[in-house]
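Below is one structure, written out as structure tokens; the observations come after it.
Every number here is computed from the coordinates shown, using simple stated rules; none is lab data. These numbers were taken from a predicted model, which means no experiment stands behind them. Here Cβ is always computed from backbone atoms with ideal geometry, including for glycine, and neighbour counts include all displayed protein chains.
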Amino acid sequence: MRLVTDYIDPVIEDLLLTVLNNKDLKEDIARELEVTYLDEAKEEPSLPVDGIIWGINRCPFLNLIVGRSSSQINIIFLLDTGSPNCFVSSEVLKTLKIEDVCSAFETSY
């Protein structure tokens, strides 16, 4: 496992999603994806992953089942193929019981 060093530090990353709010994510998008956001996943992860196109800007969203320890939860991601990084909210980190944010940047190659 190595620490990823070729990324934009989230402290200086300026990401503004004016087309999306927490209510949209937890209610409208989750309903269309037929999941409960940040709730325990009721099925096993599978491929291919289905998603939706949502909103006035037609943004692609998908639900991925993410696990840590013994729990697996539904996390809805905005798919941005132009971004080299994946960002999650502090609410997601808290649900996954990640207290050390730096551990989220560790990966294996």
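Take the Cα of L47, step 7 Å toward its Cβ, do the same at K23, and the gap between the two points is 3.9 nm.
Between E40 and T81, the FRET efficiency from the beta-carbon distance, with R0 = 25 Å, is close to 0.30. Panel order for F77, F61, by other beta carbons found within 10 Å of each beta carbon, from fewest to most: F77, F61. From least to most packed, judged by other beta carbons within 10 angstrom and beginning with the fewest, R58, R31 follow the order R58, R31.
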